[in-house]
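> For reference, the structure I am asking about is given below.
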Amino acid sequence: MAGILVSLTFCHAQKTLKDAYADAFRMGCAVNSQIAAGRDGRSSDLILKQFNAVSPENDLKPEVIHPRPDTWNFRAGDQYVNYAKNNGLWALGHTLVWHNQTPSFFFNRSDGTPKSHDEMVETMHSYIDTVMKHFAGKIDAWDVVNEIIDNDGSYRKTLWTNAFDGDGDEVVRLAFKFAQESDPGAELYYNDFNAWRPEKRDGIARMVRMLQKNGIRIDGVGIQAHWGLNYPKNEYITAAIDTFASLGVKVMITELDVDVLPLTREGQIIGQTMSDPQFQLEEFKTYLDPYRDGLPDDVQAQVTTRWKELMQLFYNRRDRIDRVTIWGLHDGMSWKNDYPIPHRINYPLLYNRDRTPKPAFEALLAIPE
Ligand code: 9MR
């Protein structure tokens with residue numbers, strides 16, 4: 001009897017995120033090149049134990065794969081897919097058509113003049129085709145287009161939309177069409193931040209319907225989920241999940257993290273960008289970077305509450321959600337330490353810098369019971 005009790009307790013302590021949520025959705029984690037290359041063994045071991053899906057944080061972006069017109073570099077990308085496939089993980093490709101981390105030669109000729117419409121179509125086609133064929137059979141799904149809708153629901157003015165005379169519909173139609181032709185076995189997604197905002201949400205929904213009306217396949221929409229302790233309101237998140245699910249596509253939470261640091265009111269008043277060196281001055285630093293020596297217990301408790309309410313919300317909508325991916329494993333690797341202000345100490349992920357789990361991690365294991 002005692003033996004059975006001991007082993008039951010042991011089982012509970014050993015429960016993992018991927019097992020706890022196995023009947024709900026995939027549990028994913030973004031990996032950087034150190035993890036994929038095996039240079040961060042502690043993180044890698046935890047990911048293999050806890051997660052069943054991965055996203056490449058930077059390794060499959062255009063500036064890495066195609067940094068110069070005559071250079072293709074698949075080393076980091078191959079490392080990522082080998083890590084995923086050797087360990088039986090579902091693997092995302094991220095991302096094909098994006099205005100960030102994309103070299104300027106995509107849009108300009110060698111003399112600096114803008115490419116013509118036909119040259120842009122050819123650039124997009126050859127990039128998508130080369131990359132997707134290289135990884136065919138190893139990447140399960142691609143974020144084909146990333147962040148092309150503005151907060152008001154219209155197309156953003158980005159390098160891609162500008163290069164197509166503002167015709168975002170054409171950018172999106174061509175990207176998904178080329179992607180479908182280049183690797184018919186991969187699922188094709190749209191991915192964006194602020195997708196919970198009603199106007200932006202509806203703009204994304206309009207874009208998805210536009211593709212569907214044109215007979216172009218789109219398999220899913222990713223809600224990035226770079227959120228904070230008290231934003232956005234949960235009702236907006238729920239409404240976004242339901243809106244995208246009603247389009248008949250998969251819904252994914254793709255880049256989840258929970259920022260605990262103050263929003264930068266001063267920065268907006270002064271009108272400087274938040275990476276301005278003034279924010280490293282002591283008077284700002286004290287206010288904007290308050291947890292340099294560790295997270296106080298009361299804030300830790302708020303972190304746990306926020307993670308719990310978010311995961312409970314996702315779990316309640318598990319019939320509509322295909323995957324929940326966290327944007328990194330431990331606080332030390334998060335982009336949130338350097339954005340929007342560089343050199344802060346943030347606590348946005350489920351593991352501490354020393355790779356021990358936060359109370360939030362334990363709390364998530366209990367939700368599906
Ligand atoms: O986490 C990524 C960070 O390491 C890069 O410096 C940054 C550069 O653009 O991109 C980060 O990831 C972004 C993702 O690819 C798309 N959505 C927003 C993410 C955070 O900026």
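> Starting from the 7 Å offset along Cα-to-Cβ, what nm value, one decimal, do you get for the label separation of Arg292 and Gln280?
1.2 nm
> What number, in percent, do you get for the relative contact order of the stretch 95-189 if the mean sequence gap of Cα pairs under 8 Å and at least 6 apart is divided by its residue count?
Once divided by the residue count of the stretch 95-189, the mean separation gives 39 percent.
> Out of residues 5 or more away from Tyr155 or on other chains, whose amide H comes under 5 Å of its own, with H placed 1.01 Å from N in the peptide plane?
Distant-sequence amide H within range of Tyr155: Asp150.
> At a Förster distance of 30 Å, what's the computed FRET efficiency of Thr273 paired with Glu199, Cβ-Cβ distance as r, to 0.05? Numbers along the way, then the final one.
Numbers: r = 25 Å, r/R0 = 0.82.
With a Förster radius of 30 Å, E is 0.75.
> Run the simple label-point estimate for Asn58 and Asp319 please: 7 Å along Cα→C-beta, distance reported in nm.
Distance between the two pseudo-spin positions: 4.2 nm.
> Taking every pair of alpha-carbon atoms in the stretch 28-74, give the share separated by more than 18 Å as a whole percent.
Looking at the stretch 28-74, the distances longer than 18 Å represent 37 percent of pairs.
> I would also like to ask the following. Using θ = phi - 60° and the Karplus curve 6.51 cos²θ - 1.76 cosθ + 1.60, what whole-Hz ³J(HN,Hα) does each residue of the stretch 304-315 get, with Gly and Pro shown as x?
With coefficients 6.51, -1.76 and 1.60, one gets 4, 4, 5, 4, 5, 5, 5, 5, 5, 4, 5, 4 Hz.
> What angle do you read, to the nearest 10 degrees and between 0 and 90, between the alpha-carbon axis of helix 2-14 and the longest principal axis of the chain?
30 degrees
> Under 16 Å from a point 7 Å along the Cα-to-Cβ line of Gln302: which residues of the stretch 338-354 have their amide N that close?
345-349
> Report, in listed order, any pair from Lys85/Lys200; Lys200/Lys233; Lys61/Lys358; Lys61/Lys308 with a Cα-Cα distance greater than 23 Å.
Pairs exceeding 23 Å: Lys85/Lys200; Lys61/Lys358; Lys61/Lys308.
> Going toward the positive end of the dipole of the chain, with +1 on Lys and Arg Cβ and -1 on Asp and Glu Cβ, which of Gly228, Phe314, His330 do you reach last?
Phe314
> How would you rank 29-36, 103-110, highest first, on the average number of other Cβ atoms within 10 Å across their residues?
With the highest mean Cβ count within 10 Å placed first, the list reads 29-36, 103-110.
> What share of all Cα pairs of the stretch 78-184, in percent, falls into each consecutive 10 Å distance bin?
Histogram of Cα-Cα distances, whole percents per bin: 14, 43, 30, 12, 1.
> With unit charges on the beta carbon (Lys/Arg positive, Asp/Glu negative), name the residue among Ser104, Gly28, Val121 whose Cα is farthest towards the positive pole of the charge dipole of the stretch 20-126.
Gly28
> Next up: Per residue and in Å³, how big is the convex hull formed by the alpha-carbon atoms of the stretch 1-148? Working shown, then result.
On the way: hull volume 19.0 nm³, N = 148.
Enclosed volume per residue, from the Cα hull, is 128 Å³.
> Nothing charged except the Cβ atoms of Lys and Arg (+1) and of Asp and Glu (-1): what's the magnitude of the dipole of the stretch 109-182 about its Cα centre? Round to the nearest 20 debye.
The calculation lands at about 240 debye.
> In nm, to one decimal, how far is the modelled label at Leu263 from the one at Asp152, with both set 7 Å along Cα→Cβ?
Result for the modelled spin labels: 2.0 nm.
> If one computes P(r) from the Cα atoms of the stretch 117-176, what percent of pairs lie at distances over 16 Å?
48 percent
> In a Debye calculation with equal point scatterers on the alpha-carbon sites of the stretch 205-361 and no solvent, what is log10 I(q)/I(0) at q = 0.11, 0.17, 0.19 Å⁻¹?
With no solvent term, the Cα-only Debye profile gives -0.53, -1.02, -1.15.
> Hey, what do the phi angles of the stretch 218-231 turn into as Karplus ³J(HN,Hα) couplings, whole Hz, using 6.51/-1.76/1.60 and θ = phi - 60°, x for Gly and Pro?
These are the phi-based 3J(HN,Hα) values: 9, 9, x, 10, x, 9, 5, 6, 8, 10, x, 4, 10, 8 Hz.
> About the Cα centre of the stretch 271-317, how large is the charge dipole given +1 on each Lys and Arg Cβ and -1 on each Asp and Glu Cβ? Please answer in debye to the nearest 20. Write out the running numbers ahead of the final one.
On the way: 5 positive and 8 negative charges, 79 e Å.
Computed charge dipole of the stretch 271-317: roughly 380 debye.
> Expressed as cubic angstrom per residue, what is the convex hull volume of the alpha carbon set of the chain?
In the chain, the Cα convex hull volume per residue is 158 Å³.
> Taking Cα centroids, how far is the stretch 19-43 from the stretch 53-130 in Å?
22 Å
> Considering Cα pairs under 8 angstrom that are at least six residues apart, work out the relative contact order of the chain and quote it in whole percent.
This gives 17 percent for the chain.
> Right, here's the next one. Could you please rank His94, His134, His343, His330, placing first whichever residue has the fewest other Cβ atoms within 10 Å of its Cβ?
Arranged by neighbour count, lowest to highest, His94, His134, His343, His330 become His343, His134, His330, His94.
> State the extension gain, in nm to one decimal, for the chain segment bounded by His125 and Arg206, taking 0.36 nm per residue of separation less the distance between their alpha-carbons.
26.8 nm
> Let me ask something else. In whole Hz and in residue order, list the ³J(HN,Hα) couplings for the stretch 31-42 that follow from phi through the Karplus curve 6.51 cos²θ - 1.76 cosθ + 1.60, θ = phi - 60°; x for Gly and Pro.
So the J values, rounded to whole Hz, are 10, 9, 6, 4, 5, 4, 8, x, 8, 10, x, 5.
> Along the three principal axes, how long is the stretch 181-274 when you take its alpha carbons, biggest first, rounded to the nearest angstrom?
For the stretch 181-274, the Cα extents along the three principal axes come out at 48, 29, 21 Å.
Read-outs throughout are calculated quantities, based only on the coordinates presented, and are distinct from any laboratory measurement. Keep in mind that what you see is a predicted model, and the values were worked out from it rather than measured. Cβ atoms come from the backbone with ideal geometry, glycine included; neighbour counts cover every protein chain shown.
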